[in-house]
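Structure, as structure tokens:
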Amino acid sequence: MEKLPSAYPASELEPEIYHLWEESGYFNPDKLPGERKESFTIIMPPPNANDPLHIGHAVFVSLQDIMIRYQRMRGKRALWLPGTDHAGFETQVVWERKLAQQGKDRFSLGREEFFRQLWEYTQKNKRIVKEQLKSLGASCDWSREKFTLDEDIVSIVYETFYQLWKDGLLYRGKRIVNYCPYHRTAFSNLEVKYTEEKTYLYFVRYDFADNSGEYITVATTRPETIPGDVAIAVNPKDRRYSSVLGREVIEPITKRKIPIIADERVEMDFGTGALKITPAHASLDFEIGQDHHLDIRETLDFDGKFNKLAGPLAGLTVSQARKKAEEILQSGGYLVKKQEYWHQIGRCYKCGTAIEPMLMDQWFVAVTKPFRGGKSLRDLAVEAVQTGKIKIIPSRFKKVFFHWMENLRDWNISRQIVWGIRIPVYYCQEQKSELCRKKKGIIVSPSGPPARCPYCGSTKIKQDPDVLDTWFSSGQWPFATLMTTGENDFSRFYPTQVMETGWDILFFWVARMIMLGLYRTKKVPFEVVYLHGLVRDKDRQKMSKSKGNVIDPLGVVNTYGADALRMALVIGNTAGKDIIIFEEKIKGYRNFANKIWNVARFVLLNLEGFNPEKEIEPIPEDKKILQEFNSVKKKVTQHLDNYRFSLAGETLYQYFWHTFADKIVEEMKIRIKGKNQVASAQYVLYSVLTDCLKMLHPFMPFVTEAIWQRLPKSSSAAQLLMVEKWPL
RNA sequence: GGGUGAUUAGCUCAGUGGUUAGAGCGCAUCGUUCACAUCGAUGAGGUCGCUGGUUCAAGUCCAGCAUCACCCACCA
């Protein structure tokens with residue numbers, strides 16, 4: 001018999017064991033032994049292919065692998081479908097940083113070369129990520145691995161785009177969007193982070209155009225946008241201003257005449273109750289401008305500098321222009337008052353640059369517009385959660401979800417970047433016919449560029465330069481993957497059972513998956529959403545490279561083993577709560593793995609004469625032990641069925657260490673040495689150990705499998721613990 | 001402006017209305033060649049944030065308050 005080391009050699013055994021699993025083919029649900037009627041599917045949230053995994057990824061691997069392994073042992077056709085995400089903007093930013101270090105940028109490289117480099121870079125990272133997932137023990141089906149830029153995935157995304165267009169849920173329009181002048185792209189509302197900052201509220205005098213000497217005072221935080229003003233608006237109920245409606249004032253920087261209008265969206269008690277309307281650079285102003293058919297003066301260009309419409313401010317950046325505008329107002333006597341003012345400033349979540357509301361032609365998904373059956377995408381999603389077709393764990397996130405859905409606005413899905421799925425839209429450059437002009441030359445073509453314009457026959461056609469928001473494509477991930485991995489995969493594995501991901505992407509991703517999944521498949525994409533928290537250090541700090549407090553999951557795996565890391569991430573935590581991790585905790589579970597190893601060694605050394613094929617009638621006091629153990633099995637199973645992974649793991653930990661190892665093993669040690677009821681003792685040791693191994697397997701797959709491989713087994717037992725039956 | 005979470009042992013956290021409120025780490029004392037020092041035994045350590053309420057029974061449910069953390073939001 002093999003002599004086993006007295007300490008569990010994790011880093012030595014783990015790769016061997018993963019190899020064993022992979023060779024067996026059992027990660028693939030089609031190759032699982034036995035008849036399996038029910039399927040259990042989890043689509044892995046695809047990690048970004050732009051960086052190695054961090055500790056947060058280890059959390060999802062642990063939780064999802066627990067569910068998958070548990071259900072596999074319960075006889076389900078368990079499928080965990082892995083993949084990686086091209087992560088459009090995120091990846092482009094990472095790569096641009098690397099370029100910047102070499103003194104280059106994306107504009108000088110050219111679109112094609114830039115894309116090529118990113119392709120290569122993400123392919124390389126994909127391979128690293130895959131190896132990392134393996135070393136964490138992920139029992140996912142690599143034969144079904146997908147990438148968000150796979151051709152077949154892209155064509156499904158295009159098909160969705162086309163259907164939305166035909167259903168009137170997709171439109172192109174000039175709207176105020178969140179524009180980052182540094183990254184030169186627009187964002188959806190979610191990518192803007194607000195911070196409370198001190199600015200100034202400027203009270204500016206606008207003289208009446210009739211030389212009456214009267215004036216109206218307007219409060220603004222953005223005097224630099226005055227050249228873009230097209231009106232002054234007051235509330236129609238505001239008595240102070242009822243006599244000035246319809247009169248004209250002179251805008252004080254470029255001296256244009258603009259009207260005073262009434263609109264009930266103006267707050268009477270803010271500032272002076274008079275609001276300057278700058279449709280091109282503020283979203284409320286845009287809406288008011290549209291309703292009153294006002295002109296639009298775009299004074300700020302996409303490079304973040306003012307243009308010649310801004311008169312004396314031309315050529316300046318926003319902050320320079322603000323200073324200059326203040327000077328001009330001051331010297332002309334137009335600055336009535338300037339006071340400190342704290343308010344929320346929108347900033348780019350990536351670079352912190354102040355977001356400029358800019359007018360741009362973008363593609364929007366009309367999420368609140370009713371279509372088939374009179375319901376909107378939003379209605380469908382809300383209904384699915386309300387009726388319980390989708391269950392969110394923890395349930396308090398339901399409220400958060402509904403609240404966000406209520407305030408939902410149309411979703412801007414175009415991005416002015418290179419890395420991503422190019423928008424499948426072409427514009428006829430000639431628009432030779434009436435029809436073509438009516439259609440604005442817009443050709444939505446999911447199958448590639450049309451040879452000629454379907455409206456007017458022109459061959460001068462250009463593709464939209466923008467790419468799709470990453471979340472638009474990853475929002476289709478559950479069905480897009482299963483539609484492309486094999487003949488019947490979609491019918492067999494969709495809807496999936498669980499979507500396990502971080503609460504921080506509930507809106508970004510989960511909400512969009514629900515909407516788009518229901519749209520394309522008329523079914524929910526998953527039945528349960530399990531949300532985990534963010535990983536933090538002992539001081540509750542978010543882990544970040546700049547803080548230097550990151551824990552590299554692979555480093556931990558090398559030092560303490562994957563099992564220890566997995567336990568440390570799962571135990572002592574509940575759904576939706578942030579996860580605190582520190583080295584001593586991981587060490588504790590490394591010790592536990594060692595405990596399991598040594599109990600197994602002890603049992604192995606004391607099995608002389610024991611035959612696993614033979615059922616034995618234990619003596620009464622041993623029966624009692626087995627009965628008690630039975631209630632532990634029930635408890636663990638119940639916890640797992642209720643997604644209480646921490647409690648399940650902790651129950652096992654407590655039982656195994658402090659009941660089995662500390663008490664039962666100690667008693668049996670004496671009995672075996674004293675040759676007292678040895679057969680019954682061995683039977684108890686063997687059956688409790690093996691059943692504990694089975695239940696611990698989803699949590700600590702490596703050490704349990706390593707021991708399983710060294711245990712004598714009955715002929716009915718599975719060769720691999722991974723596919724052994726759950727002991728209840 | 002709206003909303004959410006947290007507050008339990010020195011630290012990090014569990015706790016499903018029902019015995020005397022738990023774990024890990026840390027600490028103290030003792031032990032251990034015979035599965036494991038990555039070990040064992042024993043122990044100290046708690047007005048469960050505060051104030052009220054519901055209940056036969058509250059750490060747990062309800063209301064209010066305080067402190068901390070976070071999320072959402074087009075009042076310029």
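Structural remarks
- As a rough guide to protection, the peptides A:565-576, A:209-220 ranked by mean Cβ packing within 10 Å, highest first, stand as A:565-576, A:209-220.
- Solvent-accessible area, 1.4 Å probe, carbon plus sulfur percent, for segment A:307-422: 51
- Shape of segment A:410-451, Cα gyration tensor, a/c cut at 1.5: prolate
- Binned Cα-Cα distance frequencies in segment A:536-649 - 5 Å width, integer %: 2, 9, 12, 15, 17, 13, 11, 8, 5, 3, 2, 1, 0
- Karplus-derived HN-Hα couplings along segment A:70-87 (A = 6.51, B = -1.76, C = 1.60, θ = phi - 60°), whole Hz, x at Gly and Pro: 4, 5, 5, 5, 7, x, 8, 7, 8, 10, 10, 9, x, x, 9, 10, 5, 6
- In terms of overall dimensions, the C-alpha atoms belonging to segment A:264-409 reach 64, 35, 32 Å along their principal axes, ordered largest to smallest.
- Placed amide H near A:D466: partners under 5 Å, 5+ positions off or other chain: A:I423
- In sequence order, calculated HN-Hα J values of segment A:632-649 (Karplus, 6.51, -1.76, 1.60; Hz; x Gly/Pro): 5, 4, 4, 4, 4, 4, 4, 4, 5, 5, 9, 6, 9, 5, 4, 5, 4, x
- Computed [θ] at 222 nm, deg cm²/dmol, chain A (DSSP H ≥ 4; -39,500 (n - 2.57); rounded to nearest 500): -12000 deg cm²/dmol
- Residues A:Q163 and A:K725, FRET efficiency given R0 of 41 Å [Cβ-Cβ distance, rounded to 0.05]: 0.40
- Here the Karplus curve 6.51 cos²θ - 1.76 cosθ + 1.60, taken at θ = phi - 60°, turns the phi angles of segment A:190-206 into couplings of 5, 8, 9, 10, 9, 10, 7, 9, 8, 10, 10, 9, 9, 9, 10, 8, 10 Hz, with x standing for Gly and Pro.
- Beta bridges from DSSP with both residues in chain A: antiparallel share about 70 percent, rounded to the nearest 5.
- Over the C-alpha atoms of segment A:273-341, the Rg to Rh ratio, Rh being the Kirkwood estimate, stands at 1.00.
- Segment A:1-57-segment A:169-216 distance, computed between alpha-carbon centres (Å): 52
- Applying a DSSP loop filter and a limit of 11 other Cβ atoms within 10 Å to the GluC sites (Glu not before Pro) in segment A:7-116 leaves A:E35, A:E38.
- Dimensions of segment A:346-430 along the principal axes, based on C-alpha atoms and rounded to the nearest Å, stand at 49, 37, 23, largest first.
- Taking only Cα atoms of segment A:1-71, radius of gyration then Dmax in Å: 15.9, 47
- For segment A:450-539, the Rg and Dmax computed from alpha carbons only, in angstrom: 18.6, 66
- The magnitude of the dipole of segment A:513-634, with charges of +1 and -1 set on the Cβ of Lys/Arg and Asp/Glu and taken from the Cα centre, is near 840 debye.
- Relative intensity, log₁₀ I(q)/I(0), of segment A:410-483 from a Debye sum that treats every alpha carbon as a point, q = 0.20 Å⁻¹: -0.86
- Tail beyond 27 Å, pair distance distribution of segment A:108-265 (Cα, percent): 60
- Compared with the dominant Cα axis of chain A, that is its longest principal axis, helix A:377-386 is turned about 40°.
- Ligands, DNA and RNA are left out, and with a 1.4 angstrom probe the accessible area of chain A is 44 Å² per residue.
- Cα shape, segment A:398-548, gyration tensor, a/c 1.5 rule: prolate
- Spatial extent of chain A: Rg and Dmax, with the Cα atoms as the point set, Å: 32.0, 116
- Between the amide H of A:G83 and those of A:K146, distances stay under 5 Å, these residues lying 5 or more places away or on another chain, with hydrogens modeled in the peptide plane.
- Under 5 Å between amide hydrogens, built in the peptide plane, is the criterion, and for A:I580 it picks out A:R536 among residues at least 5 positions away or on other chains.
- Stokes-Einstein translational diffusion, segment A:183-332 - Kirkwood Rh over all Cα pairs, 1.306 mPa s, 10 °C, in µm²/s: 99
- Using the Cβ of A:Y179 as centre and a radius below 14 Å, the other residues enclosed give a net charge of 0, where K and R count +1 and D and E count -1.
- With the simple model of a label 7 Å out from the Cα in the direction of the Cβ, A:L109 to A:H658 spans 5.6 nm.
The values are calculated or read from the model by the stated rules, or taken from the named source; none is laboratory data. Not measured: the values here are computed from a predicted model. Please note: Cβ atoms are built from the backbone with ideal geometry, for glycine as well, and neighbour counts cover all protein chains shown. In case anyone asks, the SASA skips ligands and DNA or RNA and just uses the protein heavy atoms, side chains included. Shrake-Rupley method; radii C 1.70, N 1.55, O 1.52, S 1.80 Å.
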